[in-house]
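Worksheet for the structure shown next.
Derivation of every value follows stated rules applied to the coordinates shown; laboratory data play no part. No experiment lies behind these values; they were computed from the predicted model shown. When we count neighbours, we look across all protein chains shown, and the Cβ atoms used for this are built from the backbone with ideal geometry, even at glycine.
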Amino acid sequence: MSGVRIPTAVLDTNVLLDLWLFDDPSVRRLRAAIEQGTLRVLRSAECDAEFGQVIGRAQFGLDEPARARMLSRWTACSEAIAQVRPAPLACADASDQKFLDAAFSAGAELLLTRDKALLGLARRAEAAGLRIASPAVAMPYDRPAANPGRASVPSPEHAAEGKGGGQAPASAASR
């Protein structure tokens, strides 16, 4: 398929928890797209460290082998970002800045999150070339873009209008 570009995305920790720990039905298409290679997911060392720290919390009841399997599964289907630089935007929540930095550094088209501080930057980020959205069943993860310069992902406005999915469930970190 000449001229087809596979979309790229950075996922925040809550989305990773939904994918690998909670098996949330709202992200099953996302997981399938990642596993089938129709969506390239990118990660930074700092994002990986946070994911490892979060799944190590007692509330999740995962022993070391289970955590290692989860991390291994994630790293096997994602690509490490070689060099992370500061993003052109600052997040109101400094602990979420790592996701913006990773997405902008890698040139990702999409940052998937359920975090309100990151979602609040959606319009400004889109003007800078990054779409920030919550994952949704109806997102076209399995449809590469026909335009070789940009991947086809719904805008935050379409997602809000119900064209890209529905209401985002409560944050996984608060479960």
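Long-range amide H contacts for I132: which residues qualify at under 5 Å (H placed 1.01 Å from N, peptide plane, sequence gap of 5 or more or a different chain)?
When sequence neighbours closer than 5 places are left aside, the close amide H contacts are L111, E126.
Per residue of region 48-58, what does 6.51 cos²θ - 1.76 cosθ + 1.60 with θ = phi - 60° give for ³J(HN,Hα)? Whole Hz please, x for Gly and Pro, Karplus curve as stated.
Running phi through 6.51 cos²θ - 1.76 cosθ + 1.60 with θ = phi - 60° gives 4, 4, 5, 4, x, 5, 5, 6, x, 5, 4 Hz.
Using θ = phi - 60° and the Karplus relation 6.51 cos²θ - 1.76 cosθ + 1.60, list the HN-Hα couplings for region 103-117 in order, rounded to whole Hz, with x at every Gly or Pro.
Coupling constants for region 103-117: 4, 5, 4, 7, x, 5, 7, 9, 10, 9, 7, 10, 6, 5, 5 Hz.
Would you mind checking which residues have amide H under 5 Å from L42's amide H? H placed 1.01 Å from N; only 5 or more apart, or other chain.
A9, V10, L11, E79
Looking only at Cα atoms, what is the convex hull volume of region 1-90 per residue, in Å³?
133
Taking 7 Å along the Cα-to-C-beta vector as the label spot, tell me the K116-E35 distance in nanometres, rounded to one decimal.
Distance between label points: 3.4 nm.
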